[in-house]
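These notes concern the structure reproduced below.
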Amino acid sequence: MTAFYSEAKPLIRYFCLKKIPQFSKYEIYSSQDVALIISGTGVLAAAIATAHLLTLYQVKSTDAAFNIGICGATSTDHKHGTPVLCHKIIHHETKRTYYPDILIKHHLVEGTLETFSHPVYKNMVSTIEGNFVDMEGAGFYEAAASFLPPHNIYCVKIVSDFLEEKKLSQRMVSELIHQNIPVICELINNIKLLNMNFGDILTENDYDMLHQISQNLRLSVTMTHQLKQFAKQYKIRYQKSLACLRPFLNVTAKSKSEGKIYFEQIKRQLVHE
Amino acid sequence: MNKSKDNLFMNSFSHIYIEKSIATHPITKKVLHRFPHATRIEVNHYKDVFCRTRQNFFLQKNSRKLILAVKKDRFIYPGTKVCQNFGNEHFYYTSSVLNCIYECDYCYLQGMYPSANIVVFVNIEDFFSELESLLQKHPVYLSISYDTDLLAFENVVPFASMWIQYARRHPDLQIELRTKSVNYSAIRHLPPSENIVLAWTLSPQEAINEFEQKTPSLNARLKCIKQSINDGWKVRLCFDPILYIEKWQEHYKQCIQETFSILPAEKIKDISIGVFRMPRDYLKNIRKNKIDSPLLHYPFECKNGIYSYPEQITRQLIDFVYQMIHSYVPSEKIYL
Ligand code: SF4
């Protein structure tokens, strides 16, 4: 998620994203495995857009969400163009705080982001708790946290100003994001690796087969659930495919009690190999 | 993953979350001094980090963070029925640290806590004062290394030493410090005391290799135990959990033989034996995310909300291990 088109533009180019036709007011761009939404300014807009995108794409817990954009810095410790990975996000108004899980190595600076519902200038520094300020991060995080685990929600902000009143041109915003694409991509690739190890041990084919067997044998809901459990345990314990169940695809039970007999056979096979 | 785990994950304790209210507590300072390069993040309440929804315990294990917090309410809890009380009437446990640096496959903490991060309640003085009032009422038997391995963690926070020193001043208190670590050197400078039991969990080396990641070898544990016995400490051995693994008879036989070839049986205070068991909900939670553990995906049977091996297997395991141990120590020293 980005707030503006100028933030999105370098990402759209880099990931070769295509605009998709939408009935909602949001512009969405996507490719095979990346989708980007432009939220507009503000916490609420960010939350709605994030929730919309994650719902639209029916995200799984192994997907990751990013808010990429520019931010202001409260001190000059980090220079203009520094990429920041936020390890704490404060919603200034509600004082709610969010903590993404930073498990993987990265080459970004870490810091606390504070999200305001209005622009922030130097004369307000005494009211700011965070090292960096923006107007979307907290909304994005709150919405994403309803879908995803904390190791798959990332707020990446590029320092664009030090709370001066002058406005940055759209071209300069795009340039700041563009310069940081390598470091952002490295982060994304590592997150992909992190998520690769996770998933369901049963494949779609396994589920199809188990479903078919359950229908053929007229198994109850509980028995079907147990069948899946036994199948999972079998694959984990014996590190084998479910090929041993294939013969049951050709069996049809005439009654529930006959199905139960077959079920016991399957159970024996899966539990004791 | 083509990238090795070490290349992908940050070091453990790369981040330390600190509750605002204990920022200047002496234990906080000690921990921060121990990890000068850790990223420090201020939090209002430890649960804001520890209890976030949808955390993945198994991923977090690769890069555990530290959370320094203050415990506000109860400090000492009555023991539950799944714990061995060793014949003590007033059996309690306490958890000044939540979670453990080891990664045993069978550990119930993986299903009990929402996070693999380690919480340290720095206000140990409040634990002591609650215990003080309890001790006014009756003697107390207290397990102090309950939801963690306190001795293994001693180099981060010296709670084991502090508890031992406290117990020395309170003869009505019996404490058990259970561990798999060989960090005995961290408490060796303290004189042994009658009311402190050092309890070591022992497993066959094959089980350690396979299911007790990051823990010291059996041999190293035994050498460490021997040293503590020689120094005059009371020692308990725990063959718990006994696991139904391939060639289990062979492995447990070897393990027990090795144990008593190194340790003088007559100097062991007592021995506890138990098979793998885990509350139903915890096992359910673990199985959801941990898909690579044949041990935990064994078709256990559930009895009164606790999963364990079927009765017949449990009996075989217990009988075998009991008989083996009984050939070295009398039955009154063996707790089931
Ligand atoms: S040593 Fe104990 S507490 Fe630590 S992981 Fe192993 S079983 Fe769990």
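The values are calculated or read from the model by the stated rules, or taken from the named source; none is laboratory data. This is a predicted model, so every value here is computed, not measured. Every residue, glycine among them, receives a Cβ derived from its backbone with ideal geometry; neighbour counts consider all protein chains shown.
Here are the numbers for this structure:
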read-out	value
Failed item in (1) outside any helix (DSSP H, G or I); (2) under 23 Å from the mean Cα position of the chain (by Cα); (3) surrounded by 18 or more Cβ atoms within 10 Å (Cβ to Cβ), with A:Ile191 passing the rest	(1)
Test: residue in the stretch B:90-110 that is away from chain A (no Cβ under 14 Å), part of a helix (DSSP H, G or I) and within 16 Å of the ligand (Cβ to nearest atom)	yes
Some residue of the stretch B:226-233 being in a helix (DSSP H, G or I), hydroxyl-bearing (Ser, Thr, Tyr), surrounded by 15 or more Cβ atoms within 10 Å (Cβ to Cβ) and in contact with a Lys or Arg (Cβ under 9 Å, 6 or more places away or on another chain)	yes
Residues that are away from the ligand (no atom under 14 Å from the Cβ), part of a loop (DSSP other than H, G, I, E, B), within 14 Å of another protein chain (Cβ to nearest Cβ) and crowded, with 17+ Cβ neighbours inside 10 Å, drawn from the stretch B:53-89	B:Gln55, B:Asn56, B:Lys65
Matching option when the condition is within 27 Å of the chain's Cα centre (by Cα) and farther than 30 Å from A:Ile102 by Cβ, among A:Leu176, A:Leu202	A:Leu202
Hey, B:Val43 within 14 Å of chain A (Cβ to nearest Cβ), over 25 Å from B:Trp163 (Cα atoms) and surrounded by fewer than 20 Cβ atoms within 10 Å (Cβ to Cβ) or not	yes
Breaking point among (1) at the interface with chain B (Cβ under 10 Å from one of its Cβ atoms); (2) of a type outside the set (Gly, Ala, Ser); (3) under 30 Å from A:Ile153 (Cα atoms); (4) in contact (Cβ under 8 Å) with a residue 12 or more places away in the chain, for A:Val183	(1)
Top-ranked residue in the stretch A:133-163 [being in a strand (DSSP E or B), among the hydrophobic types (A, V, I, L, M, F, W, C) and within 12 Å of the chain's Cα centre (by Cα); ranked as surrounded by the fewest Cβ atoms within 10 Å (Cβ to Cβ)]	A:Ile153
Positions within the stretch A:21-63 being over 26 Å from A:Leu194 (Cα atoms) and exposed (fewer than 12 other Cβ atoms within 10 Å of the Cβ), in sequence order	A:Pro21, A:Phe23, A:Lys25
Complete set of residues in the stretch B:137-154 that are more than 17 Å from B:Val197 (Cα to Cα) and either at pLDDT 95 or above or crowded, with 24+ Cβ neighbours inside 10 Å (or both)	B:Phe153
Pairs where the first residue, in the stretch A:101-114, is more than 7 Å from chain B (Cβ to nearest Cβ) and the second is among the polar types (S, T, N, Q), C-beta under 8 Å, 6+ apart	A:His106/A:Asn190; A:Val109/A:Thr82; A:Gly111/A:Asn131; A:Thr112/A:Asn131; A:Leu113/A:Asn131
Any hit, the stretch B:248-263, residues being closer than 25 Å to B:Ala199 by Cβ and either within 14 Å of chain A (Cβ to nearest Cβ) or part of a strand (DSSP E or B) (or both)	no
